[in-house]
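Engineer: Before I ask anything, here is the structure I am working with.
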Amino acid sequence: ATLLLSRCLLKTVKESIVAPEEILRFCCDGLQGSTSPSCAREPGEETSAAMASPSPTRNPTEVQMSQLVLPCHTNHRGELSTGQLLKWIDTAACLSAERHAGCPCVTASMDDIYFEHTISVGQVVNIKAKVNRAFNSSMEVGIQVSYEDLCSGKHCSICKAYATFVAQDPSGCKVRLKPLTPQTEEEKLEHSIAAERRRMRLVHKDTLKDLLIRSPRETELETRDGSAAVPAEKTRVESVELVLPPHANHQGNTFGGQIMAWMENVATIAASRLCHAHPTLQAIEMFHFRGPSQVGDRLVLKAIVNNSFKNSMEVGVCAEAYGQEMSVSRRHINSAFMTFVVLDQEGRPCSLPMVAPEPGEGERRYREASARKKIRLDRKYIISCKQTEVPLSVPWDQSNKVYLSYNNVSALKTLIAKANWVLAREKEKVRLYTLEEDKFLSFRIEVSVCIAADQAFSLLSDLRRRHEWDSHYASAELVQQVDDDDMIYHVVTQALSHENKPQDFVILASRRKPCSKGDPFVVAFRSVTLPTHPASTSFTRGETLCSGFCIWPESEEMSKVAYYNQATPGFLNYVTTNVAGLSSNFCATFEACEKFLLKNKEHLIMRL
């Protein structure tokens, strides 16, 4: 490798003018490994990270890393170990965060990661990380991981992850971050939805707690033919690691990626003790760093199988730290839950033995594992799927309310962020835009109104008052006040023709105030199904996939109010009639909306 590098450098010198000190620095960097000051190279590890300098057309926080998978990085199957991949991911994400912060950053958490494929020795791992949004002292970094087969030229996605980093000064105090200005359509979308992901992280514990409260207290053990339950205690693993200088970052703290790699190692051992085979890590549920550890600390890593399902098992793992004095209480550093599967030679998941939890704490972990499995499925299939793959009406349930609300708002923000809107009609102050895509025709109506944005937000977010300005609405009943930001309404609209029955909708309305200066007020609508409100023969059940209001403050007393709608088939004819200019209902309705806002803003001020 050194010889090849030298030949390349000689060729570079012949073809261009390069300062000798630049060549020397490049050689030293190449021989010493990663350019990241936050990642210490493992003994015997060959590093081929290419950290490109940001170009003028690229996000200045973007970091690209390429790593050649060598035998020392792999497991017994010749596949890249997940622990090594986590170290590379954390390194790239940390470098991206520090590019924006301009100071040292530490990993606060890592969201759920779903691994789609394994990576073999000889292939190249490509990691791209960039800051999506900066909050006060924390920022979200988006990470995309793919692999490249150098022989065939094939590229394939491995996983997508979101990490939260906190900026710190040399004394360890938090640093206030400068805001990040997104440039491209994709960056604007990620910047907008980052606030929703942050909101979801903050309520994750409450979601789990709420689900456990409503679940049966009794532990129901699954029965499987031909298998006896394995006591969970037999899968328990405890291992200790001494934190040495190569395990530390440039701040002297234990490198977060190293801690995650150690945790993955003990979790794999616990899973192997249940199945007596070599398991494959399928998913990781949020790493959450509770505190730092330093060089010289002893890290105690504990793992146990909490529950096994038909084809997968959940392993709980935690890391605790203590110094030289055993008498000092251990510090909780990190905890995570990992899902493993066992694959046969054809890559199909095998059936797993049952787990018999120990009384007390074991039963609690057993129940929580079942609850987390439901939450993971909700997150994966409600949040991760594309908008075209989401059914129009999703069943509403208390356990998935957080993820439906997230999907509701993020779908509207995705629609708002699209750049190909075309002005179709303009009548006085009302402007009608359209967006034509393969499967959807969307429209946007906007008008500037002399009203404060928060007042318009308060008036338009209450569907019970919509009939006052929208002649298509007959009535709207508040069915359920989920929380301060989410409500479910039963809406009845007028029939579009005398031959048709009136339509009714069950709609989830999700409200969001601005997360930071420059953000709009958002009110998002989507259809859900409720057992208490089934379809009735008196109405034609209608559905809305994505619609809502976006309100931008233009000044203290002026706002731009925009309504978005992704037209469903039952509404399409009405939309195209207005777009083509054969009807002025849209414009008339929005003019009525403006009058409603102006009329009621004084009453709202007096009431407040």
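The values are calculated or read from the model by the stated rules, or taken from the named source; none is laboratory data. Because the structure is predicted, anything quoted here is derived from the model rather than measured. Don't worry about glycine lacking a Cβ; one is built from the backbone with ideal geometry, like all the others, and counts go over all protein chains shown. Accessible surface areas use protein heavy atoms only, side chains included; no ligands, DNA or RNA. Shrake-Rupley method; radii C 1.70, N 1.55, O 1.52, S 1.80 Å.
Engineer: Can you give the accessible area per residue of region 390-600, in Å², using a 1.4 Å probe?
Structural biologist: Details: 9290 Å² over 211 residues.
Here the residues of region 390-600 average 44 Å² of exposed surface.
Engineer: So which lysines can Lys401 reach, going by Cα to Cα under 17 Å and dropping same-chain residues fewer than 8 places off?
Structural biologist: Leaving aside lysines fewer than 8 places away in the same chain, those within reach of Lys401 are Lys205, Lys209, Lys373, Lys374, Lys380.
Engineer: Quick one: with all protein chains in place, what share of the accessible area of region 60-183 is carbon or sulfur, to the nearest percent (1.4 Å probe)?
Structural biologist: Values: 2520 of 4800 Å².
Solvent-exposed carbon and sulfur of region 60-183 make up 53 percent of the total.
Engineer: Among DSSP beta bridges whose residues both lie in region 390-600, state the antiparallel percentage, nearest 5.
Structural biologist: On the way: 52 of 56 bridges.
Expressed as a percentage, antiparallel bridges in region 390-600 total about 95.
Engineer: Same structure again: Using alpha carbons only, how many angstrom separate the centre of region 267-289 from the centre of region 427-451?
Structural biologist: Here the two parts' Cα centres lie 50 Å apart.
Engineer: Run the numbers on region 228-387 and let me know its relative contact order in percent, using alpha-carbon pairs under 8 Å that are six or more apart.
Structural biologist: On the way: 317 pairs, mean separation 43.0, N = 160.
Once normalised by length, the contact order is 27 percent.
Engineer: In addition: Using per-residue counts of other Cβ atoms within 10 Å, averaged over each peptide, order 183-192, 394-403 from highest down.
Structural biologist: Details: 183-192: 17.5, 394-403: 19.2.
My ranking of the peptides, most packed first, is 394-403, 183-192.
Engineer: Continuing with the same structure: How do the peptides 541-548, 344-351 rank, highest first, by the average count of neighbouring beta carbon atoms within 10 Å per residue? Could you put the intermediate results ahead of the total?
Structural biologist: On the way: 541-548: 21.9, 344-351: 9.8.
Highest mean packing first, the order is 541-548, 344-351.
Engineer: What is the local net charge at Tyr322, summed over the other residues whose Cβ is closer than 10 Å to its Cβ (Lys, Arg +1; Asp, Glu -1)?
Structural biologist: Neighbourhood net charge equals 0.
Engineer: Quick check: pseudo-label points 7 Å beyond the Cα along Cα→Cβ at Ala419 and Asn75, how many nm apart are they?
Structural biologist: Reported label-point gap for Ala419 and Asn75 is 4.1 nm.
Engineer: While we're looking at this one, here's another question. Using a 1.4 Å probe over the heavy atoms of the protein chains, calculate the carbon and sulfur portion of the accessible area of region 272-366 as a whole percent.
Structural biologist: On the way: 2160 of 4250 Å².
The C+S portion of the solvent-accessible surface of region 272-366 is 51 percent.
Engineer: So, one more: Can you send over the carbon and sulfur percentage of the accessible area for region 398-493, probe radius 1.4 Å, protein chains only?
Structural biologist: Values: 1620 of 3830 Å².
Summing carbon and sulfur atoms, their accessible area is 42 percent of the total for region 398-493.
Engineer: Explain nothing, just compute: Karplus ³J(HN,Hα) = 6.51 cos²θ - 1.76 cosθ + 1.60, θ = phi - 60°, for every residue of region 545-554 in order, whole Hz, x for Gly and Pro.
Structural biologist: Karplus-based 3J(HN,Hα) across region 545-554 equals 8, 7, 7, x, 10, 10, 10, 9, x, 9 Hz.
Engineer: Mind checking the per residue accessible area of region 228-387 for me, 1.4 Å probe, whole number of Å²? Show your work: numbers first, answer last.
Structural biologist: Working: 6950 Å² over 160 residues.
Accessible area per residue: 43 Å².
Engineer: For Lys87, which lysines qualify as cross-link partners when the Cα separation must be under 21 Å and same-chain residues fewer than eight apart are set aside?
Structural biologist: Cross-link targets: Lys128, Lys130, Lys160, Lys302.
Engineer: Gain in length, His250 to Met558, computed as 0.36 nm per residue apart minus the alpha-carbon separation, to one decimal in nm?
Structural biologist: Values: separation 308, 0.36 × 308 = 110.88 nm, distance 4.92 nm.
This chain segment gains 106.0 nm when fully extended.
Engineer: Further question on the same structure: Tell me the net charge near Pro553. Cut-off is 11 Å between Cβ atoms, Pro553 excluded, with +1 for each Lys or Arg and -1 for each Asp or Glu.
Structural biologist: Value of the local net charge: -3.
Engineer: Next up: Any idea of the accessible area per residue across region 60-183, 1.4 Å probe, to the nearest Å²?
Structural biologist: Values: 4800 Å² over 124 residues.
Roughly 39 Å² per residue, with all protein chains present.
Engineer: If you don't mind, there's one more thing I want to ask. Where does each of 63-69, 277-283, 228-234, 506-512 land if you order them by average Cβ count within 10 Å, highest first?
Structural biologist: Working: 63-69: 22.3, 277-283: 18.6, 228-234: 14.9, 506-512: 24.0.
Ranking the peptides 63-69, 277-283, 228-234, 506-512 by packing returns 506-512, 63-69, 277-283, 228-234.
Engineer: Students often forget the sequence filter, so: which lysines lie under 18 Å Cα-Cα from Lys427 once same-chain residues fewer than 8 apart are removed?
Structural biologist: The qualifying lysines are Lys560, Lys595.
Engineer: In addition: Starting from the Kirkwood radius over alpha-carbon pairs of region 170-320, derive D by Stokes-Einstein at 4 °C in a medium of 1.567 mPa s and give it in µm² s⁻¹. Write out the running numbers ahead of the final one.
Structural biologist: Working: Rh = 19.1 Å.
Value of D from the Cα-based Kirkwood radius: 68 µm²/s.
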